[in-house]
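The values are calculated or read from the model by the stated rules, or taken from the named source; none is laboratory data. Please read all numbers here as calculations on a predicted model, not as lab measurements. Note that we place each Cβ from the backbone using ideal geometry, even for glycine, and neighbour counts take in every protein chain shown.
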Amino acid sequence: MNDLPILTCANHPDVETSLRCNRCGKPICAKCAVRTPTGYRCKECVRAHQQSFDSAFSNAHWYDHLIALLVPAALSLVVSIGVAFLTLFVWGLIVLILAPSAGELIVRLTQAALHRRRSRTIYRLAAAGVVLGALPVSLFMLITGGWFILIWEILYLVIAVPLVYYRISGIRLS
């Protein structure tokens, strides 16, 4: 016979479970379990670990937040002007080919300006900077009726913004 007591989830007392958080040992059900590389953990332990990770690896100075916004904004303005000229004089589809490269250039120059310092706010500000830089050209096209160029500006942003966010945050998409 099995002499083990029947466990119930700490968050859902009506759900039986045999699973425990591998960090704190609290009984958890499948709804409460978060799969990690080292096993299942409760949401509270995952949240606590994530908060300690964020504070431990945030080595940014106050002025890095300004750099993270302004450098991508300036670079994105230049790229946005380039997108307008390429679309106007060449062919719009070339934007789809060059947008990832432009995003990567923005990432590398921003990281160099930040000296690889990081924080969660920096990732968001860098992505916002890309949008902010493209805003003057996009608004100009909107006001003057340059709809065709505006479409390619938006496509540039759709490609570049997530690329900048994920690359500066260190996440590799493969």
request  = Would you mind stating whether Ser119 is surrounded by 14 or more Cβ atoms within 10 Å (Cβ to Cβ) and farther than 30 Å from Cys21 by Cα?
outcome  = no
remark   = Quick count over the range 86-117, residues being under 22 Å from Val71 (Cα atoms) and β-branched (Val, Ile, Thr), is 4
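Those residues that are hydrophobic (A, V, I, L, M, F, W, C) and surrounded by 14 or more Cβ atoms within 10 Å (Cβ to Cβ), I need them from the range 155-174; list them, please.
Residues of the range 155-174 hydrophobic (A, V, I, L, M, F, W, C): 155, 157-161, 163-164, 168, 171, 173.
If the condition is that a residue be hydrophobic (A, V, I, L, M, F, W, C) and surrounded by 14 or more Cβ atoms within 10 Å (Cβ to Cβ), then Leu155, Leu157, Ile159, Ala160, Val161, Leu163, Val164, Ile168 are the ones that fit.
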remark   = Of the conditions (1) more than 24 Å from Ile168 (Cβ to Cβ); (2) assigned by TED's automatic domain parsing to the domain that holds Trp152; (3) surrounded by 15 or more Cβ atoms within 10 Å (Cβ to Cβ); (4) modelled with pLDDT of 85 or more, the single one that Thr87 does not satisfy is (4)
